[in-house]
Amino acid sequence: MRDNRTRRTENHMALRIGVIGGGQLARMMIAPAVELGIEIRVLAESDGMSAQLAATAVGDYRDLDTVRAFAKDVDVITFDHEHVPQEVLRALVADGAAVHPGPDALRYAQDKLDMRARLAELDVPQPDWARVTDADELQAFLDDHGGRAVVKTPRGGYDGKGVRVVRSADDAADWFAQTEAGDALLVEELVSFRRELAQQIARRPSGQMVAYPVVETVQRDGVCAEVFAPAPGAGERLAHMAEGIGRLIAEGLGVTGMLAVELFETDDERILVNELAMRPHNSGHWSQDGAVTGQFEQHLRAVADLPLGDATPTAEWATMVNILGGPADGTFESRFEAAMSEHPDAKIHTYGKAARPGRKVGHVNVSGDDLDDIVYKARAAAAHFA
């Protein structure tokens, strides 16, 4: 990839980064790519997706021939999501493509059982967990953990999907019925936590890493609703622990690009890893307008193996409020004037998606020196789009 990039520079040609997946994360990579002089290309799942401005191909990311054809016209492959099959990823690597993050890292974002096992090898703090293949094994775990636990499907779950709190093995009977021979579910202790946190790390292939401040995330119905950066009340000890966990995971799993580590801060002051994402993440949207280098620019820098940017916040506080669902009537366009007029310091980002209950259709960022003030402004601006 370095030799190819050198040749392109000598010929005054832009570095081409291909993004598999046409959602809002790919959409938000477009502007920083333009600013960096990078040509961004997107393989979208269908026409009219969020990143349609950069969609140069439409097709199934699970089909090797489709992905292979897309990869031939770019210098680096990266992702809007973690769902590209391992066999497709490994075929691209065998073809000589630069894939970041690579399949050896992505497998731990694709399969939660693999993730738990690898984090245990790295001695990363996490909830007690087990691989369960039938109701008896699940009931034994429940009996050992106070009669309540969290059951997860190992693959495919996000935004609260594929996650269920259970009090008896019967509560997961339908999921066991859907598993094939040899498959298993993940069961975890039901952690008593005071809040959820997220730690982001950027890592480039040559090994340089940059950490963002640990943030607090607020979930509603399993979906991220608000983020406060840095996490209020996060002292030096907590910040150091969160960053250390993030760096250990990024290095230990060989992540390239942005890594988001979702964390629990427990009632007894432990920090435990919940889940991982190897791409820009909802918990980092605040950085678009609240850090020297936003996560989308940072991701492009990292996967292209360019020097990483400064992740320092530009104000004492930053907050992000998601726009969930969208206008119940009327259009997005009809709401902008009032939102902008009443909240000129709010940065409004929309995803080009149709309104649908519970759907992430945009977010609002506000930064400043008074946390209560910026949270009020962000919520009020976002409310114009409800």
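The values are calculated or read from the model by the stated rules, or taken from the named source; none is laboratory data. Given the structure is predicted, the values throughout are model-derived calculations rather than measurements. Glycine also receives a Cβ, built like all others from the backbone with ideal geometry; neighbour counts cover every protein chain displayed. When the accessible area is computed, the model is the full protein with side chains, heavy atoms only, and any ligands, DNA or RNA have been set aside. Shrake-Rupley method; radii C 1.70, N 1.55, O 1.52, S 1.80 Å.
Quick rundown of the values:
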{"read-out": "Under the Karplus curve 6.51 cos²θ - 1.76 cosθ + 1.60, θ = phi - 60°, whole-Hz ³J(HN,Hα) for the stretch 134-143, x wherever Gly or Pro sits", "value": "7, 5, 5, 5, 5, 5, 4, 5, 4, 4"}
{"read-out": "Interatomic Cα distance distribution for the stretch 73-190, bins of 5 angstrom, percent", "value": "2, 10, 19, 19, 17, 12, 9, 6, 4, 2, 0"}
{"read-out": "Globularity ratio of the stretch 151-297, using Cα Rg and 2.2 N^0.38 Å", "value": "1.13"}
{"read-out": "Nonlocal amide H pairs with G254, under 5 Å, H built at 1.01 Å", "value": "none"}
{"read-out": "Kirkwood Rh and Cα Rg combined as Rg over Rh, evaluated for the stretch 193-279", "value": "0.96"}
{"read-out": "The stretch 158-213: Rg to Rh, with Rh as the Kirkwood radius over Cα pairs", "value": "1.16"}
{"read-out": "Charge tally in the Cβ shell below 13 Å around V42, where Lys, Arg are +1 and Asp, Glu are -1, V42 excluded", "value": "-2"}
{"read-out": "Percent carbon-and-sulfur accessible area, the chain, ignoring ligands, DNA and RNA, probe 1.4 Å", "value": "46 percent"}
{"read-out": "Using θ = phi - 60° and Karplus 6.51 cos²θ - 1.76 cosθ + 1.60, couplings along the stretch 114-127 (whole Hz; Gly, Pro as x)", "value": "4, 4, 4, 5, 5, 5, 5, 5, 7, 6, 7, x, 8, x"}
{"read-out": "Semi-axis lengths (Å, descending) of the ellipsoid that matches the C-alpha gyration tensor of the stretch 1-133", "value": "30, 17, 15"}
{"read-out": "Only Lys, Arg (+1) and Asp, Glu (-1) charged, at Cβ; the chain dipole about Cα centre in debye", "value": "1040 debye"}
{"read-out": "The chain - mean residue ellipticity at 222 nm from DSSP helices (-39,500 (n - 2.57) per run, n ≥ 4, rounded to 500)", "value": "-9500 deg cm²/dmol"}
{"read-out": "Cα-Cα pairs of the stretch 250-376 separated by more than 23 Å (percent)", "value": "46 percent"}
{"read-out": "Rounded to the nearest 10 Å², the accessible area of F332 at probe 1.4 Å", "value": "30 Å²"}
{"read-out": "Prolate/oblate/rounded label for the stretch 89-145 (Cα gyration tensor, a/c 1.5)", "value": "prolate"}
{"read-out": "Per-residue HN-Hα couplings for the stretch 42-50 [Karplus 6.51, -1.76, 1.60; θ = phi - 60°; Hz; x = Gly/Pro]", "value": "10, 9, 8, 6, 7, 5, x, 6, 3"}
{"read-out": "Principal axis dimensions, largest first and in whole angstrom, of the chain by Cα", "value": "63, 53, 44"}
{"read-out": "Peptides 313-326, 33-46, 246-259 ordered by average Cβ neighbours within 10 Å, highest first", "value": "246-259, 313-326, 33-46"}
{"read-out": "Listed residues R356, R68, R107, most fluctuating in the chain (Gaussian network, C-alpha, under 10 Å)", "value": "R356"}
